[in-house]
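Colleague: Sharing a structure below in structure tokens format, with a few things to ask.
The values are calculated or read from the model by the stated rules, or taken from the named source; none is laboratory data. If you're wondering where the values come from, they're calculated on a predicted model, not measured in any experiment. Note: ideal-geometry Cβ built from the backbone for every residue, glycine included; neighbour counts use all protein chains shown. Please note that ligands, DNA and RNA were not included when accessible areas were found on the heavy atoms of the full protein model with its side chains. Shrake-Rupley method; radii C 1.70, N 1.55, O 1.52, S 1.80 Å.
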Amino acid sequence: ILGFSTPPGRLSMMAFILNALTCALGLLYFIRRGKQCLDFTVTVHFFHLLGCWIYNSRFPTTLTWWLVHIVCTALMAAIGEYLCMRIELREIPLNSAPKSNV
């Protein structure tokens, strides 16, 4: 189904890319660590590969399938890491007021 020449193929690829973007937001809310984003991204896509292999009873061999999943893995990892690093690098608010009046 994945292919550049047919509208259903383009729609499927767009759905995979949108899924990568939403999963990057999931990395932000569930993982919250920039260093772990690549690990979780590769793990999720590895389990997807196993699921596709079991469901279709054969290993995916089409070039477009692999290209779409490599691009989606890179997008999910890069955007997830960027978002997590923005949260990690926020300034820590320092309150200069005394804690108690002595």
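Colleague: Could you work out how much longer the chain between residue 30 and residue 52 gets when fully extended? Use 0.36 nm per residue separation minus the Cα distance between them, nm to one decimal.
Modeller: Going from the current span to full extension adds 5.5 nm.
Colleague: Further question on the same structure: Go through 75-84, 37-46 and give me the packing order, highest mean Cβ count within 10 Å leading.
Modeller: 75-84, 37-46
Colleague: Which of 15, 92, 42 sits closest to the plus end of the dipole of the chain, meaning its Cα is farthest towards the positive end, when Lys and Arg get +1 and Asp and Glu get -1 on the C-beta?
Modeller: Working it through, the farthest residue towards the positive pole turns out to be 92.
Colleague: Give me the dipole magnitude in Debye, nearest 20, for the chain about the Cα centre, with unit charges on the beta carbon: positive for Lys and Arg, negative for Asp and Glu.
Modeller: 120
Colleague: Here's something else I'd like to know. Full extension from residue 88 to residue 14: what is 0.36 nm times the residue separation minus their Cα-Cα distance, to one decimal in nm?
Modeller: Value of the extension gain: 23.6 nm.
Colleague: Suppose R0 equals 25 Å; then what is the FRET efficiency for residue 6 and residue 61 from their Cβ-Cβ distance, rounded to the nearest 0.05?
Modeller: The pair residue 6/residue 61 has a calculated efficiency of 0.85.
Colleague: Same structure again: Could you do me a favour and compute the accessible area per residue for the stretch 33-85, 1.4 Å probe, result in Å²?
Modeller: Counting only protein heavy atoms, the per-residue value for the stretch 33-85 is 67 Å².
Colleague: Rg/Rh for the chain: what does it come to with C-alpha atoms and Rh from Kirkwood?
Modeller: 1.25
Colleague: When only Cα pairs under 8 Å and 6 or more residues apart are kept, what is the percent relative contact order across the stretch 33-85?
Modeller: The value is 65 percent.
Colleague: If packing is taken as the mean number of other Cβ atoms within 10 Å per residue, what is the order of 12-20, 59-67, highest first?
Modeller: Result, highest mean Cβ count within 10 Å first: 12-20, 59-67.
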